[in-house]
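Take a look at the structure below.
Each value in this text was obtained by applying a stated rule to the coordinates, not by laboratory testing. Every value quoted in this text rests on a predicted model; they were computed, and no experiment measured them. Every residue, glycine as well, gets a Cβ built from its backbone with ideal geometry; the counts of neighbours run over all protein chains shown.
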Amino acid sequence: MKFLFPLIAVLCLISPPGSAQGQGPLLARFPYVPETRPEAVFDLRALLSGLEPTVFLQQNYSLPDHILFSEAERVWVEQLREGFRLVQAGEFEASKDIFTAFLAEYPEHVPSRIALADIRYSLGDFAGAEQAYRSLLAEHPNHFQALNNLAWMYSTSADEAFRRPEQARELVRRAMVTAPQSHHVWSTFSQTLFAQGRFEEAAQAAATAVNLAQRGGAPTDVLVNYLIQLDRTRAAIQATSLMN
C-alpha cells in the first residue's frame, strides 16, 4: 500500500530560548538521516521465515506546542501543520502550494519532498511525481518510502505510460531490503505481483501485509484495505483455476 504523506518527526535536542535569532537550524529539528545499506539478495521465503514477533512502537507524528522555535521558524511550523491537515482532508492543490513554498526555503527537507511527490501523484501529475521520487532516490537510494511509493505508482497508475510492473517489482524489492517488516511495502509487493498475474505470490504477500498490520496496530481502514487486497488475490486465483 502506498505510504502516504509522511508527517514530521521532531528531534529531541531543542535549542534554548536564547537561540531564537533568525531562522535557526530548522532542518536539524526535522531530521532525516539516510541509511546506506548494502544491496542484499532478495529471498521471499527467507524474509517470510525471518519475521519474528516484534514490538512496534507507536510513532508520534505531531508537532508539540511546547517546542521552542524562533519566530521565523514558527511561521513554517504552522504552515507545515496546515499543509498536512489539508493533505488529510484531500485538499491537494492547497497543500501543494504550502510544500512548494517550504521547499523553496528548505530544499533538502526529505519528508516534505516525499509529501510533495505524493501530492503530485494524488493529483494525477504522474510525470511530476516520478521526477520527484527519482530525484530523491538519486540522493538517497535506500529511502524506502520513495522506493515504495514509486513502485505503487508504477503498479496502479491510471496512465498506461506509467504502468511499469517490472520496474515496480525491482523498486519494491529494494524497499523490502531496507524495511522488511513494513506492511506498506508488503502490500505494494502484492500489488506488483498481482499486476504481473502472479496471483499465488500476490496472495502470500498480501497475507503478510495483513499480519504485519495487525501486529503493528495499524489503523482499521489500513487493515480493511489489506483484507480487500487479499480477497481480490484469492478471487483471481479461483477464477484462474476455473479457467484451467
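Before moving on, here are some points about what is shown:
- Scan of the stretch 183-222 for residues that are small (G, A, S) and either under 21 Å from E166 (Cα atoms) or assigned to a helix (DSSP H, G or I) (or both), ordered by number: S187, S190, A195, G197, A202, A203, A205, A206, A207, A209, A213
- Of the residues R120, R134, R174, R113, the single one that is closer than 28 Å to N211 by Cβ, of a type in the set (K, R) and in a helix (DSSP H, G or I) is R174.
- Residue match in the stretch 141-154 (condition: in a helix (DSSP H, G or I) and over 25 Å from S190 (Cβ atoms)): no
- Within the stretch 77-116, the residues that satisfy the criterion of being surrounded by fewer than 16 Cβ atoms within 10 Å (Cβ to Cβ), of a type in the set (G, A, S) and more than 23 Å from F162 (Cβ to Cβ) are A89, A94, A101, A104.
Okay, residues lined up against (1) assigned to a loop (DSSP other than H, G, I, E, B); (2) in contact with a Ser or Thr (Cβ under 9 Å, 6 or more places away or on another chain); (3) closer than 25 Å to P141 by Cα:
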residue	(1), (2), (3)
A72	no, no, no
V75	no, no, no
L80	no, yes, no
G83	no, yes, no
L86	no, yes, no
G90	yes, yes, no
T100	no, no, yes
A104	no, no, yes
P107	yes, no, yes
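- Within the stretch 117-167, considering residues that are within 14 Å of the chain's Cα centre (by Cα) and small (G, A, S), the one surrounded by the fewest Cβ atoms within 10 Å (Cβ to Cβ): S122
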